[in-house]
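Take a look at the structure set out below.
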Amino acid sequence: MATTQRDMVRALLEEYGRTYARDAGITLKDAPQPLYQLLVLATLLSARIRAGVAVAAARELFKAGMRDPSRMAEATWQQRVDALGRGGYRRYDERTATQLGAGAELMRERYRGDLRRLHQRTHGDVAETRRALLGFPGLGPTGADIFLREVQSVWPEVAPSLDDKTLEGARRLGLPDSPAALLRLAGDTDPAVLAAALVRVSLDKRAAERIQEKAREHAPA
């Protein structure tokens, strides 16, 4: 029997069904510290560097104690550079260390260390939330999209956040490039997990082949 789109989505989620926040060791909740950690991760992922390196660098920053805006701001520039370097984030380490310090200060001054205040001020409006996120140094449009894709797990008002990068992954798998259609195929899967899985496919040219092979294994004989 031919492979169905549901077979394809099931194979996709089995292979890549995890968020980048999870990879970075972030237990995402609607609370100040994990939300800040997600912002740091999105900033790191926004650079032209492999996602695995960005995730490793985030882990090193958190391991070094830079888990909240105060500790990030109070760390020295060199401490931030060193942590990024241990994660392999060397090409952009000096600039990013500066941006993380400035972003932490902005977080403390504008939101008193709590991104829930940003959420409250924008009333969950996606465009307003994205615009507010762009105020953080180094995040940029790509980083804002990453943050929105991941945070939709705990900020349901911004869901579904399936942007162009996720839809590119869907097209590679021959899936619909309509967010509504993709969500129907994914059933009760967290949209953030679906989005991250599709992004992984968009970033890896061989991923689609692996998923298609796995989907064929799922298809009834």
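The values are calculated or read from the model by the stated rules, or taken from the named source; none is laboratory data. Please read these numbers as outputs of a predicted model, since none were measured by experiment. Neighbour counts run over all protein chains shown; Cβ positions are idealised from the backbone, glycine included. Calculation scope for accessible area: heavy atoms of the full protein, side chains included, ligands and nucleic acids excluded. Shrake-Rupley method; radii C 1.70, N 1.55, O 1.52, S 1.80 Å.
Hey, could you check the range 156-166 for residues that are open to solvent by 50 Å² or more (accessible area, probe 1.4 Å) and within 21 Å of K29 (Cα to Cα) and say which is farthest from the chain's Cα centre (by Cα)?
E157
Yes/no matrix, rows are residues, columns are (1) assigned to a loop (DSSP other than H, G, I, E, B); (2) open to solvent by 50 Å² or more (accessible area, probe 1.4 Å); (3) closer than 18 Å to A47 by Cβ:
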{"site": "G143", "(1), (2), (3)": "no, no, yes"}
{"site": "E150", "(1), (2), (3)": "no, no, yes"}
{"site": "V154", "(1), (2), (3)": "yes, no, no"}
{"site": "E168", "(1), (2), (3)": "no, yes, no"}
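Answer yes or no as to whether V9 is among the aliphatic types (A, V, I, L, M) and open to solvent by 10 Å² or more (accessible area, probe 1.4 Å).
no
For the range 53-76, does any single residue satisfy the condition of being open to solvent by less than 70 Å² (accessible area, probe 1.4 Å), of a type in the set (F, W, Y) and at pLDDT 95 or above?
Looking through the range 53-76, at least one residue is open to solvent by less than 70 Å² (accessible area, probe 1.4 Å), of a type in the set (F, W, Y) and at pLDDT 95 or above.
Residues checked against (1) in contact with a strand residue (DSSP E or B) (Cβ under 8 Å, 6 or more places away or on another chain); (2) of a type outside the set (D, E); (3) without any contact (Cβ under 8 Å) to a residue 60 or more places away in the chain:
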{"residue": "R91", "(1), (2), (3)": "no, yes, yes"}
{"residue": "A102", "(1), (2), (3)": "no, yes, yes"}
{"residue": "E105", "(1), (2), (3)": "no, no, yes"}
{"residue": "R108", "(1), (2), (3)": "no, yes, yes"}
{"residue": "R116", "(1), (2), (3)": "no, yes, no"}
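Could you tell me which numbered condition K205 fails, if it satisfies all but one of (1) in a loop (DSSP other than H, G, I, E, B); (2) closer than 18 Å to A51 by Cα; (3) modelled with pLDDT of 95 or more?
Result: K205 passes all but (3).
I want to confirm something. Restricting to the range 101-133 and keeping residues that are hydrophobic (A, V, I, L, M, F, W, C) and open to solvent by 10 Å² or more (accessible area, probe 1.4 Å), which single residue is nearest to D82 (Cα to Cα)?
A102
Can you say whether R80 is among the basic types (K, R) and either open to solvent by less than 20 Å² (accessible area, probe 1.4 Å) or part of a helix (DSSP H, G or I) (or both), as far as the supplied structure shows?
yes
In the range 170-185, what residues are surrounded by fewer than 23 Cβ atoms within 10 Å (Cβ to Cβ) and either closer than 19 Å to E14 by Cβ or polar (S, T, N, Q) (or both)?
R172, L173, G174, L175, S178, L183, R184, L185
Do we have R90 as within 19 Å of M66 (Cα to Cα), of a type outside the set (V, I, T) and not in a helix (DSSP H, G or I) here?
yes
Go through the range 170-182 residue by residue and tally those that are of a type in the set (G, A, S) and part of a helix (DSSP H, G or I).
Within the range 170-182, residues that are of a type in the set (G, A, S) and part of a helix (DSSP H, G or I) number 3.
Working carefully through the options T3, T19, T27, find the one that is surrounded by 19 or more Cβ atoms within 10 Å (Cβ to Cβ) and not small (G, A, S).
The match here is T19.
Which one of these is closer than 30 Å to K214 by Cα and over 14 Å from the mean Cα position of the chain (by Cα): R48, R86, R80?
Exactly one residue qualifies, and that residue is R48.
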